[in-house]
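Okay, structure first, notes after.
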Amino acid sequence: MSVTNETLLERVRNTADHAAWGEFFAIYEPLLLNYVRGRVRDRSLGWNDHDVQDVVQEIFIKLYRTLPDFHLDHGRGRFRTWLYRITVNAILDRVPGRKSADKVAADNLASDNAAAPQRRRPKVHDEGQVDLRNLAGGAGEPDLDWANGYRQAVLDAVLPQIQAEVAATNPNKWESFARHGLQNRPAAEVAAELGINANLVYQNTARVLELVRRRCLECYDEELSEA
Amino acid sequence: MSSCPAEHELAALAHGERASEEIESHVRVCAACQQHLSDVQTALTHLRVAVSRSHAPAAPTPALAPSLRPSFVGKYFIAGTLAEHSDRAVYRGAHHLLDQEVVLSLARERWTADVATRATVAAESRKLLALRHEAVAKVLDYDLVDDRPYTIEEFVRGPGLDRIVESRKVDWIDAVNWIGRLAAGAAAVRAAGLDLPQLDAQHARLNDKNSPQLVGLAEAWLVNRVLPLIADSNGITAQPTKAGSTTASSATGDDVRQLAQLFGELIRLPAGPVTITSQALETAGVSRRIAAALARALAPASDGGAKSAAELAEQLERLASAQSWLRRLFG
């Protein structure tokens, strides 16, 4: 997986960048498949995996058509929120009779742990130009399942990248982070295992963590410090 | 300590370990450091959860796995897989210049040899591309990418008749109209000298005007015309295509039989290779005035039924008009 100065979200705006789209699929397709299936499960919609795949395909077609004009503006909303709304709208589009019972459908599909009340959502074909200011007030905010799934998808992509980069130049640095940062083992114990001092374990952990946080934010618009 | 400690100096506290008294005293009174510590701890918590989930045993219901597929084939964006076969893959896609979605059928084998035949096939594809009928999904392109032939057909967004058959019984008047239109589409394909896909519920979809369209013509052509040539060129014995997948409907009489069967599925006649009788139609709710004529149209040609899709289309259109006239007359 290549990492360039351009972020993935900038690269997929170029529809000719096939490699970027390959990475985009690798990261977001599992998230979308699992989220859509999770949302429709137990909601008595009677969907099968074919329906779930169909909705995810709809989402990717929309992304392909809208991302070239998409400008990330953190002041107005995050990418994960925008993608969440496209996903929920794609689900609603497939619910029979949703036009007459839009709000009901939205309530049914909202996660049980969603804190924000449902509000009027933009028309599906407006999504490419969706006004992200609408999201800033809390309406349409992703539910916890989405937030967790999104973070998981990003970290599943980022951690192997960072591991490969760091371990290639300084295996101890990665090992310090893995054992101390990820496995939460005492610095002194890790230091003894790696034959380095505890201060260096702290330094290594802090630096790799910073690298991970920066990569998540710059490439995938994911702020790892957010709850 | 006047200035804030470096990040690694806060690391011990972030991990719940003790730091020097000087650092701990500073953090107790420094809001910025407390915020920073909180951020680091949140990030670490997320990371640990993510890593534990990544290594967690598979859930009882396995996650839907994305299939391995290209993100583009030639100039076409690939949004997902519709079907996988041993000799071809069928994808749903889009093109940034086309205002419609497409179905892309891509041969798995490369076709490197036999340049002359490739050119002949490309020329033959023109009649496929030229075919226009409201009841047939348009074929938009035929080309090769990395020596692998592919076809492009418009994606009909509505539900397949297979899904409709699963979910409900179709009103018999709708069924007469739909089968009549599909028969007209099939007749147009035959008139162009092209093979048809199986005339079954999987190869018909309702478009946004609630009108049925035959789908899979491009794939059928790839399967029946191109893939055998590739197999031949590569010295491979072509495998017979499995029943239910896209194969040619070989004879015009067979078209009528398949359409009659599809009609029976739509109105939920008892399953089985039976001749459709007027009694069966009446039991399924067909008007007595129409049932006999409808049964005759859908009967095998040897029993006086339609001899071709074109003839069936004509007869069903007449019946639909008659029904409409009777309805106006008698309510």
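The values are calculated or read from the model by the stated rules, or taken from the named source; none is laboratory data. These numbers come from a predicted model, not from an experiment. Cβ placement follows ideal geometry from the backbone for every residue including glycine, while neighbour counts extend to all protein chains displayed. What goes into the accessible areas is simple: the full protein's heavy atoms, side chains included, and nothing from ligands, DNA or RNA. Shrake-Rupley method; radii C 1.70, N 1.55, O 1.52, S 1.80 Å.
Structural remarks
- Whole-number percent relative contact order across chain B, with pairs defined as alpha carbons under 8 Å at least 6 apart: 13 percent
- Inter-probe distance in nm under a simple model that places probes 7 Å from Cα toward Cβ, at B:Asp254 and B:Arg157: 3.5 nm
- For region A:170-220, a Kirkwood hydrodynamic radius built from all Cα pairs, placed in the Stokes-Einstein relation at 4 °C and 1.567 mPa s, yields a translational diffusion coefficient of 120 µm²/s.
- Heavy atoms of B:Thr45: accessible area, 1.4 Å probe, square angstrom to 10: 80 Å²
- Residue-averaged beta-carbon neighbours from other chains (10 angstrom radius) around A:199-206: 5
- Distance violations [Cα-Cα > 27 Å] among A:Lys62/B:Lys209; A:Lys62/B:Lys75; B:Lys75/B:Lys209; B:Lys169/B:Lys209: B:Lys75/B:Lys209
- Treating each Cα of region B:72-330 as an identical point scatterer and summing with the Debye formula, the log10 of I(q)/I(0) at q = 0.12, 0.16, 0.17 Å⁻¹ comes to -0.72, -1.14, -1.25.
- Computed from label points 7 Å out along Cα-Cβ, the spacing between A:Ala26 and B:Arg168 is 4.5 nm.
- Calculated FRET efficiency for the pair B:Glu22/A:Glu210, C-beta based, R₀ 22 Å, to 0.05: 0.45
- Computed with a 1.4 Å probe on the full set of protein chains, the accessible area for A:Glu218 sits at about 110 Å².
- Segment B:Asp232-B:Arg132, length gained on full extension (0.36 nm per residue, minus Cα span): 32.9 nm
- For the pair B:Asp146 and A:Ala164, a Förster radius of 35 Å applied to the C-beta separation gives a FRET efficiency near 0.75, rounded to the nearest 0.05.
- Annotation for B:Arg69 and A:His50: the two label points, set 7 Å from Cα along the Cα-Cβ direction, are 1.5 nm apart.
- For chain B, the Cys residues with no second cysteine's beta carbon closer than 4.7 Å are B:Cys4.
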